[in-house]
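Worksheet for the structure shown next.
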Amino acid sequence: MEKGIVLKSTGIHYKVLNSDGFVMDCSIKGKLRIKEFQITNPIAVGDNVLFETDKKDESGIITEVLDRRNYILRKATNLSKQSQIIASNIDQVFLMITIILPETQVEFIDRFLITAEAYRITAKIIINKTDLYKEAEIEKMNYLESMYTKIGYECIRLSLYENTNLDSLILQMKDKTSLISGNSGVGKTTLLNTLNPELRLKTAKISDSHKQGKHITTFPEMHNMPFGGFVIDTPGIRGFGVVDMEKNEIYHFFREIFRISEYCRFNNCLHLEEPGCAVRVAVEKGEIDFLRYRSYLNIMDGDNRKYR
Ligand SMILES: Nc1nc2c(ncn2[C@@H]2O[C@H](COP(=O)(O)OP(=O)(O)O)[C@@H](O)[C@H]2O)c(=O)[nH]1
Ligand SMILES: [Mg+2]
Ligand SMILES: [Zn+2]
């Protein structure tokens, strides 16, 4: 019996990295017991597994999935109650954004951040393509960076064309398992290829970005990094994860709103129109950024399911 870590899962075939650094093609033994209720895939990227192997070839049979530290889900389909595990045992999630080409919406960023909060996974923001930015874009970048840094989210400015700040990003990823998310076209694949040139993954043309709404059947894949650690790419998965949030708990995941909510007059305050709401006062005073509050209102207002 050997121990390994799952790099890729198609539901039938699994790529498993063994302790000697070799990638084994594995399948599942008979019917592997699924411990979690309503989860469609028994084995996911990032899982630690035990497998039996025939030393002569590079294949094995997975016999057990070890306990997961955490995992990120997505609904199997919009209507079903069943979920699929996108990845497990994650140390941190990076959201890659760009100010232009394409423009990442603040609400999209905030949806990502509250999902990470709900999963209790550290989230950081990568602002890519800084080589493209002129005065107006730099001003916007500065604004967003200061807004998110103030509430405790680290921001890393990056240009993959000029390789600026790559070293500090590598330091943060070293020996950790990181998941990368972001709208299509922001540069995720380019980053992976830069971090590990052996990967030679296909990058998208900007003109392909209109395809992002379509359903693309691709599988998340975890890549071994030459500096130590793993990076998980989730092509075709918009945003990330699924968390069923009740309306009255959404503000728990907006850090700065949650902090101030304890001063609201009513303890069931939803920070909308209630009298004595400390959150609204903080927004008026500029202590809570209006953009964040606007995201909060939109998320409260909207049908969250469409963003899954
Ligand atoms: N100007 C500029 N373009 C970049 C940068 N990083 C990536 N790109 C380009 O952006 C496009 C989309 O990149 P890709 O890695 O496929 O994005 P993905 O959809 O997030 O995986 C490609 O044409 C890349 O060459 C950057 O730092 N600066
Ligand atoms: Mg890509
Ligand atoms: Zn309130």
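Each reported figure results from applying straightforward, stated rules to the coordinates on display, with no laboratory input. Just so it is clear, the model here is predicted, and its values are computed rather than measured. Neighbour counts are summed over all protein chains in view; Cβ atoms, including those assigned to glycine, are modelled from backbone coordinates with ideal geometry.
For the chain, what are the DSSP H helices with axial Cα length of 18 Å or more and mean Kyte-Doolittle hydropathy of at least 0.0?
Working: long enough: 106-119 (20 Å, 0.66); 135-150 (22 Å, -0.97).
Membrane-span-like by this criterion, though nothing is claimed about a membrane: 106-119.
Can you work out the FRET efficiency for the pair S168 and K55, with r the C-beta to C-beta distance and R0 = 35 Å, to the nearest 0.05? Can you show the working numbers first?
On the way: r = 42 Å, r/R0 = 1.20.
For R0 = 35 Å, the calculated efficiency reads 0.25.
Please work out how much length the chain gains when fully extended from D175 to V281, using 0.36 nm per residue of separation minus the C-alpha to C-alpha distance, in nm with one decimal.
On the way: separation 106, 0.36 × 106 = 38.16 nm, distance 4.31 nm.
Taking D175 through V281 to full extension adds about 33.8 nm, to one decimal.
For region 46-155, what relative contact order do you get, as a whole percent, if you take Cα pairs closer than 8 Å and at least 6 residues apart?
Working: 136 pairs, mean separation 21.3, N = 110.
Answer for region 46-155 is 19 percent.
Are there cysteines in the chain with no other Cys C-beta under 4.7 Å, and if so, which?
When partners are defined as cysteine Cβ atoms under 4.7 Å apart, the chain leaves C26, C155, C277 without one.
Once every DSSP H run of n ≥ 4 in the chain is given -39500 (n - 2.57) and the sum is divided by its residues, what mean residue ellipticity at 222 nm do you get, rounded to the nearest 500 deg cm²/dmol? Show your work: numbers first, answer last.
On the way: 7 runs with 73 residues, N = 308.
Helix contribution divided over all residues of the chain: -7000 deg cm²/dmol.
Roughly what % antiparallel, to the nearest 5, for the DSSP beta bridges in region 43-171? Don't skip to the answer; put the middle values down first.
On the way: 11 of 20 bridges.
Once the DSSP bridges in region 43-171 are tallied, antiparallel ones form about 55 percent.
State the antiparallel share, in %, of DSSP beta bridges confined to the chain, rounding to the nearest 5. If you can, show how the numbers build up before the last one.
Working: 29 of 51 bridges.
In the chain, approximately 55 percent of DSSP beta bridges are antiparallel ones.
How high is the relative contact order of the chain, given as a whole-number percent (alpha carbon pairs under 8 Å, six or more residues apart)?
Values: 549 pairs, mean separation 46.5, N = 308.
Dividing the mean separation by the residue count of the chain yields 15 percent.
How high is the relative contact order of region 247-307, in percent, with contacts defined as C-alpha pairs under 8 Å that are six or more residues apart?
Values: 46 pairs, mean separation 17.1, N = 61.
In percent, rounded to a whole number, it is 28.
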